[in-house]
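Notes to accompany the following structure.
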């Protein structure tokens, strides 16, 4: 039963990511990927909340793995970093905002 719930949560999370990315990204490959950055930072914070709140194993499985695992996206992040290589300053900003911001927000979520 839990695998079905993880799948449902994953479906919901992927749709949330799609909607947020569609609304915040302007569709050009040279633009700053606000949508991906937003979903990854929000996902890091929420995962920190789950871990810090000592969520039960089933909640970690469904919400952490299913929902937040599908809201956040490592593959799109790396595709966008690859695309932004021709804009080194934008690339660096995106890289640092994602990785440093993700760790900081996960830690803040953990502390809350």
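Among residues belonging to region 1-30 that are surrounded by fewer than 15 Cβ atoms within 10 Å (Cβ to Cβ) and not in a helix (DSSP H, G or I), point out the one that is modelled with the highest pLDDT.
Per the criteria, the residue is 1.
Tell me yes or no: at least one residue of region 74-90 is without any contact (Cβ under 8 Å) to a residue 24 or more places away in the chain, surrounded by fewer than 19 Cβ atoms within 10 Å (Cβ to Cβ) and within 18 Å of residue 11 (Cβ to Cβ).
Yes, because at least one residue in region 74-90 is without any contact (Cβ under 8 Å) to a residue 24 or more places away in the chain, surrounded by fewer than 19 Cβ atoms within 10 Å (Cβ to Cβ) and within 18 Å of residue 11 (Cβ to Cβ).
Assess whether residue 50 counts as being modelled with pLDDT of 95 or more, over 14 Å from the mean Cα position of the chain (by Cα) and assigned to a helix (DSSP H, G or I).
yes
Of all residues in region 53-73, which are assigned to a helix (DSSP H, G or I) and free of Cβ contacts under 8 Å to residues at least 24 places away in the same chain? Write out each step before concluding.
Just the residues of region 53-73 that are assigned to a helix (DSSP H, G or I), to begin with: 57-71.
Correct list: 57, 59, 60, 64.
The values are calculated or read from the model by the stated rules, or taken from the named source; none is laboratory data. Only a predicted model underlies this, so the values are computations on that prediction, with no experimental measurement involved. Quick reminder, even Gly has a Cβ in these numbers, built from the backbone with ideal geometry, and neighbours come from all protein chains shown.
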